[in-house]
Amino acid sequence: MKILKRLIKRNIAGDIILVPVGDASLEIKGLITLNETGEFLWDALEKAENESALAAMLAAEYDVDTATAEADTKVFLQKLKELGIIE
């Protein structure tokens, strides 16, 4: 999966935040906060070949069933697509 926008992940007072930098800061207004699952998916984005592989990684990491992992992954990726962060 390809990340289109430049964002830096930061831990600020225990919160995981994606901070847009460069031109991305002109397009993405504000910061993006990730929960633990979101952080895992973000870190795994460039390792996964596709959505199914990403969901499988999530299922293995959190010991959840495939259907739950696929649904959660789909919601996460859809939000990133809406923001123009991934293609």
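Structural remarks
- The set of residues in segment 2-17 that are without any contact (Cβ under 8 Å) to a residue 60 or more places away in the chain, assigned to a strand (DSSP E or B) and surrounded by 13 or more Cβ atoms within 10 Å (Cβ to Cβ) comprises K9, I16, I17.
- Restricting attention to segment 50-87, the residues being in contact (Cβ under 8 Å) with a residue 12 or more places away in the chain and among the acidic types (D, E) number 5.
- Segment 51-87, residues that are over 17 Å from I16 (Cβ atoms) and at pLDDT below 95: K81, E82, G84, I86, E87
- Subset of segment 1-52 (residues that are among the aromatic types (F, W, Y) and within 15 Å of E82 (Cβ to Cβ)): none
The values are calculated or read from the model by the stated rules, or taken from the named source; none is laboratory data. Since the model is a prediction, treat every value here as computed from it, not as a measurement. We place every Cβ from the backbone using ideal geometry, glycine too, and count neighbours over all the protein chains shown.
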